[in-house]
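Report on the following structure.
Every number in this text was worked out from the coordinates using simple rules, so none of it is lab data. From a predicted model like this one, the values you see are computed outputs, not experimental measurements.
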Amino acid sequence: MTKALAETKLFAGYDNREDLPLGSYLLLMGVYGASLAGYFAWRGGGGRRAFPRMDLEDVLLFGLATHKITRITAKDFVTTLVRAPFVRFQRKERAGEVSESSRGGALRRAVGDLLSCPFCLGPWVAGALVSAHAVRPSETRLVASIFALTTLSDFLQRAYEWVGQGLKHTRERAKAVEMSEGPLKEGAPAQAH
């Protein structure tokens, strides 16, 4: 009978109090590594042209796109269908996002951990974008541009909310001061506190 990884001496620091599926995490890491290795083997015959150099513009574009794709995949209401077999709904969050926790046995839980964690999905999405860029650069840039623009739009929406909340807070403070000290008469100097 095989022991769970956490029960071996090497992984004794993980005594499974959190029920971490270490073996399933290892399997997912293997799938990721094997996918990259398979891609490199497939594309490696093309020499230097098989892996085009990315300039700073591409890095920024694909970085923004990776950010948005991972957020949509891991947190968006619309992609719940993809995550549902592996996660349990916890609560609604702001901006059309949800909070979920992984569930099930070892592999199911590991996949749930991966699919509900934008940080965990980052290398998978970045690897897919970079691989697609090497094969179809124009099309990949177009798709990445859509997600990068959406990311910028999201940050502008958050900034708009932040400014609106600041103005609301300032008005509430002014009203509270007016109620406690009375209205400020024109021409009268403001009192220092």
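A few notes on this one:
- Phi-based couplings in Hz for the stretch 99-115 (Karplus 6.51, -1.76, 1.60; Gly and Pro marked x): 10, 9, 10, 6, 8, x, x, 3, 5, 4, 5, 4, 5, x, 4, 5, 6
- Whole-Hz Karplus values for the stretch 139-151 come out as 5, 5, 4, 4, 5, 4, 4, 4, 6, 5, 5, 5, 4 Hz, taken residue by residue from phi with 6.51 cos²θ - 1.76 cosθ + 1.60 and θ = phi - 60°; glycine and proline positions read x.
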